[in-house]
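Derivation of every value follows stated rules applied to the coordinates shown; laboratory data play no part. Nothing here was measured: the structure is a model prediction, and the numbers come from that model. Every residue, glycine as well, gets a Cβ built from its backbone with ideal geometry; the counts of neighbours run over all protein chains shown.
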Amino acid sequence: MTAPAPTAALHRADGSPLRVLVVDDEQMLTDLLSMALRMEGWEVRSAGSGFDALAQAREFDPDAMVLDIMMPDLDGMSVLQRLRHAGNDVPVLFLTAKDAVADRVAGLTAGGDDYVTKPFSLEEVVARLRGLMRRAGTAMAEGADPILRVGDLTLNEDSHEVERSGTEIELTATEFELLRFLMRNQRRVVSKAQILDRVWNYDFGGRSSVVELYISYLRKKIDAGREPLIHTVRGVGYMIKAPQ
């Protein structure tokens, strides 16, 4: 594991530190993660079991959770289900030793927001958490730029204006959200399950065709007659990146 590189500080809207709950039954791992997250200026608590995680979530009211799937008493999926059933929509980053697509899809469609597979770098976990909390509207940065850029494509999150090479592109609300999700994760492959969960809030089963349809809509508006930015990674998902 490598230590995270310094980045722009994030905080709550009221200026107070962000709160993160780290849940794993491996004490050494929770200690390492807690140390890395405190270096971001965040307030961190840890839990070593599923039932402890539920108690800490009620008391601590975290802005995000790092949640191991495999635990001895109550697994991460069950913890998440109980949180969601209680109306707690805290963003959750799953830790998993499993690399099967089915396990990743199960975690996302159960209400998880993202995942990392062990072994991972501390820098990756911090980056994923920063992204989760910013997308959830929990985290703010001083002087944050509302403009997302990928090559000659720009998206203004405040005005909802999209341009490519200075030409304005009209998008529907759903197309805009899909493009924003891709651009926030540029050069990272996102699965259909992740897109459905983030853009439509749907479970994965049987609805993947809607993602393919809207990706085709975006391509016609964003890439038609230009060097393509949106790419299909067969069997995995989609990625947006600038030409080399």
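Give me a comma-separated list of calculated 3J(HN,Hα) values for the range 80-86, in order, Karplus coefficients 6.51, -1.76, 1.60 applied at θ = phi - 60°, integers in Hz, x for any Gly or Pro.
5, 4, 5, 4, 5, 5, 7
For Thr30, what is the net charge nearby, where nearby means another residue's Cβ is under 14 Å from its Cβ and Lys, Arg count +1, Asp, Glu -1?
-3
Report the charge-dipole magnitude of the range 147-240 in Debye, nearest 20, computed about the Cα centre from +1 at each Lys and Arg Cβ and -1 at each Asp and Glu Cβ.
That gives the range 147-240 a dipole magnitude of about 460 debye.
Given the Cα-Cα distance of Glu124 and Gln186 and 0.36 nm per residue of separation, how much length would full extension add, in nm?
Between Glu124 and Gln186, full extension yields an extra 20.9 nm.
Fully extended, how many nm does the chain gain between Ser49 and Glu26 (0.36 nm per residue separation, minus their Cα-Cα distance)?
Length gained between Ser49 and Glu26: 7.3 nm.
I need the calculated FRET efficiency for the pair Leu74 and Glu157, taking r as the beta carbon distance and R₀ as 30 Å, to the nearest 0.05.
0.20
Can you spot the aspartates and glutamates whose alpha carbon is less than 16 Å from Lys241's alpha carbon? Ignore those fewer than 8 places along the same chain.
Asp152, Glu163, Asp223, Glu227
Where does each of 42-53, 150-161, 113-124 land if you order them by average Cβ count within 10 Å, highest first?
By packing density, highest mean first, the sequence is 42-53, 113-124, 150-161.
State, to one decimal in nm, how far the label point of Glu170 lies from the label point of Glu59, with both points 7 Å from Cα in the Cβ direction.
5.6
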